[in-house]
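Quick note: the coordinates plus some simple rules give every number you see, no bench work behind them. This is a predicted model, so every value here is computed, not measured. Every residue, glycine among them, receives a Cβ derived from its backbone with ideal geometry; neighbour counts consider all protein chains shown.
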Amino acid sequence: MEYTPRLKQKYNDEIIANMTKQFDYQTVMRVPKLVKICLNQGIGAAIADKKLIDNGIEEMSAVAGQKAVATKSKKDISNFKLRKNMPVGVKVTLRGDKMYEFLDRLISVSIPRIRDFKGISDKGFDGRGNYSMGITEQIIFPEINIDKISKINGMDITFVTTAPTDKECLELLKQFGLPFKNQNK
């Protein structure tokens, strides 16, 4: 028996039918899909301390479930003591089953652990059917051991979809279970 992630099954069973009804798609192939989830963490203090990049890669790999890579600076900036190709952040791109597993853990475990949480802002859409959100502390993920944290960093999460409009992307992400602030749109 082959394993299928819970949210992938939900997409195939429920979300396609709901979105087809709501937006009156002529075929199920027009229903927007979640293509990838990109996680990005900028570590500006890594200019002075190289171990922060290694810690960031280790933490991001634990959160994502696959190996993260360091991002490098594109140019020299003397005011920040930054040289070209110095590591300044960490990124990972999730696709397929790992993407759905991460989304499931984000919705059901990590987001409820955010302090004073009132919902995700619906202002992070880019006009082309993609959504980006920021997390202020990486310690909301249960994979990260709080005792081993040297510095609290935030991260950006970008959901890339095939939706042509922000309205369709918003509805797709709501169907997956992301708790947006204004549910009455």
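The table that follows gives values for the structure above.
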item: Greater than 32 Å apart at Cα, pairs in Lys33/Lys123; Lys51/Lys174; Lys91/Lys167; Lys50/Lys174; result: Lys51/Lys174; Lys50/Lys174
item: Per-residue [θ]222 nm for the chain (sum of -39500 (n - 2.57) over DSSP H runs n ≥ 4, rounded to 500); result: -7500 deg cm²/dmol
item: Average Cα contact separation per residue, the chain, under 8 Å, 6 or more apart, as relative contact order %; result: 28
item: For the chain, convex hull volume per residue from C-alpha positions, Å³; result: 145
item: Cα centroid separation - the stretch 1-52 against the stretch 142-185, whole Å; result: 10
item: Hypothetical label at Thr20: residues of the stretch 148-174 whose amide nitrogen lies under 19 Å (7 Å Cα-Cβ projection); result: 162-164, 168-169, 171-173
